[in-house]
Amino acid sequence: MCIRDSVKAELGRHAEALEEYRSIAEAYLEAGAPQEAIQAIEQGLRYVPNHPTLTNLLIRAYIQAGAYSSAIAFIGRLPERQYDHLLWLTQAYQAVGRPAQAVQTLLEALRMAPERPDAYGLLVELATPEHWDDVQRWLHPFLTRCMDKGQYDVAWGLLERALQKSPTDPVLLQDAVRLLSAHHQSTRILTLLDRAIEAHTRQGQWSDALRLVDQILAIDPDSYEYLEKRDYIL
């Protein structure tokens, strides 16, 4: 056998071995046995360090096993971090009680792939009040792009979750009004705005409450209920 044929045969054996490790690891993960998956993957990575498929499987196994510190350390050693690596790293930071690093890592993922909706959902879920400016800064342009493309279900799913955490956010409220107006959902618009008015009123934010009442009256100028609310606020 010539040297070239020998090299090809060796590569073929490595490919078969890696495929076997991958198959075994995925079977263990599906069976809920991440520790066994980790052992199989680590053996495979001895053949080809940083093999992309096995690398991703190992991070998944660490997360599934609750070995968050191992996931953080392993991702930190990777020569190049991809979008999915950053999402896993975000989850690991959150799990070990490092929320600030979780959010910063997630923002890094958004800069890498600004069109992926899963990161926005995670951002809304993780964001605390001090990070809400980041939510608004990233989420509003994405929602606008979704609505321009007619992806209303994606936009509304994110908006609902965001407004549950911050029902008075003026930018997101206007996004919701725009989206619901496109579907002639006037009743749902009134419900959203009314919830925000009550929140502003409880906090003594009278000018914000008045602005939203006037917005409702622009939709339904004869509403006795909101004319009364306007007089009360004034």
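The values are calculated or read from the model by the stated rules, or taken from the named source; none is laboratory data. These numbers were taken from a predicted model, which means no experiment stands behind them. All Cβ positions, glycine included, derive from the backbone under ideal geometry; neighbour counts span all protein chains shown. Ligands, DNA and RNA are excluded from the accessible area calculation, which covers all protein heavy atoms including side chains. Shrake-Rupley method; radii C 1.70, N 1.55, O 1.52, S 1.80 Å.
Net charge of the neighbourhood of A176, taken over other residues with C-beta under 13 Å away and scored Lys/Arg +1, Asp/Glu -1, is 0.
Against the longest alpha carbon principal axis of the chain, how many degrees, from 0 to 90 and to the nearest 10, is the axis of helix 224-233 turned? It is inclined by approximately 90 degrees.
Taking the C-alpha atoms only, the angle from helix 206-219 to the longest principal axis of the chain is near 80 degrees.
Peptides 58-64, 78-84 ranked from most to least packed, by the mean per-residue count of other Cβ atoms within 10 Å: 58-64, 78-84. In this view, the solvent-accessible surface of K165, computed with a 1.4 Å probe and all protein chains in place, comes to about 100 Å².
The value of relative contact order for region 56-181, using C-alpha pairs under 8 Å at least six residues apart, is 16 percent. Per residue, the accessible area of region 75-234 comes to 53 Å² when a 1.4 Å probe rolls over the protein heavy atoms. Tell me the relative contact order for the chain as a rounded percent, counting alpha carbon contacts under 8 Å between residues six or more apart. The normalised contact order for the chain reaches 8 percent. 3J(HN,Hα) couplings calculated from phi for region 170-179 with the Karplus curve 6.51 cos²θ - 1.76 cosθ + 1.60 (θ = phi - 60°) are, in sequence order, x, 5, 5, 4, 5, 4, 5, 4, 4, 5 Hz; Gly and Pro show x. When Cα Rg over 2.2 N^0.38 Å is computed from the coordinates, the matching label among (1) 1.14; (2) 1.44; (3) 1.09 is (2).
Within the shell of other residues whose beta carbon sits under 15 angstrom from the beta carbon of Y224, the net charge comes to -4, with Lys and Arg scored +1 and Asp and Glu -1. Taking 8 Å as the Cα distance limit and 6 or more residues as the minimum spacing, I'd like the relative contact order of region 105-234 as a percentage. Relative contact order, region 105-234: 15 percent.
Only protein atoms count toward the accessible area here, which uses a 1.4 Å probe; on the chain, the carbon and sulfur part of that area reaches 50 percent.
Other residues lying with their Cβ under 12 Å from the Cβ of Q205 contribute a combined charge of 0, Lys and Arg counting +1, Asp and Glu -1.
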